[in-house]
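K.L.:
Handing you this structure, nothing more for now.
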Amino acid sequence: MRILVVEDEAGLREGLIDLLRGDGHDVTAVADGATAAATGTAEPWELVILDLMLPRLNGMDVCRRLRAARPGMPILMLTARGSEDDKVRGLGEGADDYVTKPFSARELLARVRALGRRAPAEVAEHLDVDGAVLDFSRLTVRRDGVTTALTPREVGLLRWLHRQKGRAVSRAEILEQVFGQRGDLQTRAVDMAIVVLRKKVERDPQHPRIIVSVKGAGYAWGDQA
């Protein structure tokens with residue numbers, strides 16, 4: 001993949017370049033937010049790895065600009081912050097995934113590979129469910145005349161749930177099949193992602209009809225269309 005790395009810490013930036021190039025990727029790196037916003041919007045990238053704490057323009061603002069300019073471009077956010085609010089905000093601004101520093105090379109490459117995988121081709125590219133039009137090819141949802149961008153991971157999550165409709169999908173399965181993480185990890189990443197996604201696709205996120213919760217089991221595709 002063509003990957004843009006945005007990291008102001010020189011040692012970590014060089015380490016990421018070596019790691020990703022060693023995994024076969026074409027890597028370009030920049031060290032501040034303003035350059036990242038300009039570089040990231042000037043041409044398409046197959047993945048942007050974006051630090052949260054940056055000089056000149058912070059990572060949240062960069063993420064917002066990248067997502068507005070290129071809705072389908074995957075963004076993996078790096079953060080030293082451990083608070084749930086920061087992670088939820090990052091996902092809300094358009095990040096597809098996040099990694100909290102310090103992280104292992106194995107973990108980072110697993111996230112990168114997961115974002116690079118394509119969803120199964122047999123799932124329809126357009127779905128009309130509960131008044132929402134999901135366009136997987138354009139990474140959008142349209143409801144009541146308003147079009148909202150979806151991230152590649154959100155599309156992957158919707159595809160997987162739809163493909164498995166008729167049964168509950170566990171958090172562990174979502175972690176492994178969509179997020180590229182070990183299913184035995186104790187994490188609220190799935191629940192946080194569902195909260196953000198419901199705000200985009202549901203008519204009433206407090207009473208979801210598309211992504212429904214299954215007590216003690218996980219989540220399921222709720223609309224049978």
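Where a number appears in this text, it was derived from the coordinates with a stated rule and is not lab data. The structure displayed is predicted, hence computed values, not measured ones. Cβ placement follows ideal geometry from the backbone for every residue including glycine, while neighbour counts extend to all protein chains displayed.
K.L.:
Need one number: the % of Cα-Cα pairs in the stretch 2-116 sitting beyond the 23 Å mark.
P.N.:
17
K.L.:
Now a separate question. To test your reading of the geometry: what angle, between 0 and 90 degrees and rounded to tens, separates the Cα axis of helix 33-42 from the longest principal axis of the chain?
P.N.:
60
K.L.:
A further question follows. Taking the highest mean first, how do the peptides 47-60, 150-163 order by number of other beta carbon atoms within 10 angstrom per residue?
P.N.:
By packing density, highest mean first, the sequence is 150-163, 47-60.
K.L.:
Give me the one-decimal nm value for the distance between modelled label points at residue 184 and residue 142, 7 Å along each residue's Cα-to-Cβ direction.
P.N.:
Calculated label separation equals 4.6 nm.
K.L.:
Another question about this same structure. Compare the peptides 61-69, 91-99 by average per-residue count of other Cβ atoms within 10 angstrom and give them in order, highest first.
P.N.:
91-99, 61-69
K.L.:
Using alpha carbons only, how many degrees (0 to 90, rounded to 10) separate the axis of helix 59-69 from the longest principal axis of the chain?
P.N.:
Between the helix axis and the principal axis of the chain, the angle is about 60 degrees.
K.L.:
Another question, then. Rounded to whole Hz and in sequence order, give me ³J(HN,Hα) for the stretch 133-150 from the Karplus expression 6.51 cos²θ - 1.76 cosθ + 1.60, θ = phi - 60°, writing x for Gly and Pro.
P.N.:
After applying 6.51 cos²θ - 1.76 cosθ + 1.60, I find 9, 8, 10, 6, 5, 9, 6, 9, 10, 10, 9, 6, x, 10, 9, 10, 6, 10 Hz.
K.L.:
Determine the percent antiparallel among the DSSP beta bridges restricted to the chain, to the nearest 5.
P.N.:
Looking only at bridges with both residues in the chain, the antiparallel portion is about 50 percent.
K.L.:
Using the alpha carbons of the stretch 1-70, what is the convex hull volume per residue in cubic angstrom, as a whole number?
P.N.:
Measuring per residue, one finds 64 Å³ for the Cα hull of the stretch 1-70.
K.L.:
How about residue 200: which lysines have a C-alpha closer than 26 Å to its C-alpha, ignoring those fewer than 8 places off in the same chain?
P.N.:
87, 165, 215
K.L.:
Cα convex hull of the stretch 126-221: how many Å³ per residue?
P.N.:
92
K.L.:
What length, rounded to one decimal in nm, is gained on full extension from residue 56 through to residue 68, with 0.36 nm per residue of separation minus their alpha-carbon distance?
P.N.:
Full extension of this stretch gives 2.4 nm more.
K.L.:
Expressed in nm², what is the orientationally averaged projection area of the convex hull enclosing the Cα positions of the chain?
P.N.:
12.0
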